[in-house]
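Chemist: Mind looking over this structure? Questions follow.
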Amino acid sequence: MKICTLFSGGKDSTYSLHWAVFKGFEILCLITLLPKREYSWMFQVPNVELTKYQAEVLGVPVLQIPTSGEKDKELEDLKLAFKKAKGLGAHGIVTGALLSDYQRLNINIIAEEVGLRTYSPLWRKKQDEYLRELVEEGFKFIITSATAYGFPFELLGKIITEKDVEVIIERARKFGFNPAFEGGEAETFVVYAPLFKRELKIEGYKKKISEYEWRFIITHIH
């Protein structure tokens with residue numbers, strides 16, 4: 001089956017893309033929505049314009065579509081993206097949805113309206129086990145933003161190791177945030193995955209937004 005995948009450059013969409021490849025799907029393109037607002041109801045915001053670098057090392061074309069980020073308008077833009085995917089010959093859409101009913105429901109409804117099947121391989125996956133699997137299976141990612149009381153902000157900007165995963169899980173249990181960040185506690189950017197032809201090298205700096213909000217600003221990618 002020919003599919004396109006919603007791709008933010010983060011760990012969840014990257015993992016779902018790889019799931020699709022190993023299940024035998026033919027990947028026609030990545031789809032990245034580029035919100036103009038800092039906060040979006042549906043899509044990741046930090047660094048999504050940088051998916052072009054990941055697409056390059058994956059050897060897969062990326063379809064980047066601007067969206068206002070307004071609640072109803074971004075759903076219209078998502079429908080436009082799905083229509084473009086269908087025009088390319090896609091029969092389905094792969095998503096990285098973990099726990100968000102709002103996100104998954106809207107994706108499923110819009111895909112059905114366009115005539116596409118949806119696949120969400122991470123849906124309801126146990127969060128701490130999933131985070132461990134990512135690192136064990138060779139995915140390298142950095143945390144680019146975090147907004148949660150008790151979060152280990154010192155981990156921003158570094159490639160997350162197995163030891164770091166255990167720190168995140170321990171803090172999540174202690175302070176009550178989601179260890180896989182599905183509640184928006186953090187955003188990630190993948191620098192290497194098993195299907196990448198080479199690893200992306202990241203340069204940047206940390207920026208404190210408030211007491212419980214930090215960002216890692218990417219300045220260069222090599």
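The values are calculated or read from the model by the stated rules, or taken from the named source; none is laboratory data. Since the structure is predicted, the reported quantities are computational estimates derived from the model, not experimental observations. No Cβ is skipped: glycine too gets one built from the backbone with ideal geometry, and neighbour counts run over all protein chains shown. In case anyone asks, the SASA skips ligands and DNA or RNA and just uses the protein heavy atoms, side chains included. Shrake-Rupley method; radii C 1.70, N 1.55, O 1.52, S 1.80 Å.
Chemist: Roughly what % antiparallel, to the nearest 5, for the DSSP beta bridges in region 52-195? Don't skip to the end; give the middle numbers.
Modeler: Working: 7 of 11 bridges.
DSSP beta bridges in region 52-195 are roughly 65 percent antiparallel.
Chemist: What number, in percent, do you get for the relative contact order of region 45-166 if the mean sequence gap of Cα pairs under 8 Å and at least 6 apart is divided by its residue count?
Modeler: Numbers: 99 pairs, mean separation 22.0, N = 122.
Relative contact order here is 18 percent.
Chemist: If R₀ is 35 angstrom, what is the calculated FRET efficiency for the pair Lys174 and Lys83, using the beta carbon separation as r and rounding to 0.05?
Modeler: Details: r = 45 Å, r/R0 = 1.30.
Efficiency computed from Cβ-Cβ geometry: 0.15.
Chemist: Placing +1 on the Cβ of each Lys and Arg and -1 on the Cβ of each Asp and Glu in the chain, which of Leu88, Tyr212, Ile202 has its Cα farthest towards the positive end of the resulting dipole?
Modeler: Positive-most Cα among the choices belongs to Leu88.
Chemist: For His91, what accessible area in Å² do you get when you roll a 1.4 Å probe over the heavy atoms of the protein chains, rounding to the nearest 10?
Modeler: 100
Chemist: Full-extension gain between Lys207 and Asp101, please, as 0.36 nm times their residue separation minus the C-alpha to C-alpha distance. Before the final figure, lay out each step's value.
Modeler: On the way: separation 106, 0.36 × 106 = 38.16 nm, distance 3.12 nm.
Difference between extended and current length: 35.0 nm.
Chemist: Would you mind computing, in nm to one decimal, how far apart the modelled labels at Glu49 and His220 are, each placed 7 Å from Cα along Cα→Cβ?
Modeler: 1.9
Chemist: Mean residue ellipticity at 222 nm from the helices of the chain, using -39,500 (n - 2.57) per DSSP H segment of n ≥ 4 over the full residue count, to the nearest 500 deg cm²/dmol?
Modeler: Working: 6 runs with 75 residues, N = 222.
Mean residue ellipticity at 222 nm (helix-derived): -10500 deg cm²/dmol.
Chemist: Of Ala55, Val191, Leu75, which is farthest along the charge dipole of the chain in the positive direction, counting Lys and Arg as +1 and Asp and Glu as -1 at C-beta?
Modeler: The listed residue farthest towards the positive side: Ala55.
Chemist: Oh, and also: Need the list of lysines near Lys206 for cross-linking: C-alpha distance under 23 angstrom, and skip anything on the same chain fewer than eight residues off.
Modeler: Answer for Lys206, where 23 Å is the Cα cut-off: Lys11, Lys36, Lys52, Lys140, Lys158, Lys163, listed by chain and number.
Chemist: Another question, then. The list (1) 229; (2) 133; (3) 109 gives values of volume of the Cα convex hull per residue in Å³, and only one came from this structure; which label was calculated from it?
Modeler: Correct label, based on the coordinates given: (3).
Chemist: Once both axes come from the Cα atoms, what is the angle between helix 162-175 and the longest principal axis of the chain, in degrees from 0 to 90, rounded to 10?
Modeler: 80
Chemist: Further question: Can you give the local net charge around Glu162? Use residues other than it whose beta-carbon is closer than 9 angstrom to its beta-carbon, Lys and Arg +1, Asp and Glu -1.
Modeler: Numbers: positive: Arg132, Lys163; negative: Glu136, Asp164, Glu166.
Computed value for this residue: -1.
Chemist: Determine the dipole magnitude for region 54-172: charges of +1 sit on the beta-carbon of Lys and Arg, -1 on that of Asp and Glu, nothing else is charged, the reference point is the Cα centre, and the result goes in debye to the nearest 20. Intermediate values should be presented prior to the final figure.
Modeler: Working: 16 positive and 19 negative charges, 74 e Å.
I would put it at about 360 debye.
Chemist: Would you mind calculating the relative contact order of the chain from Cα pairs under 8 angstrom and at least 6 residues apart, reporting the percent as a whole number?
Modeler: Working: 435 pairs, mean separation 45.3, N = 222.
Worked out over the chain, it gives 20 percent.
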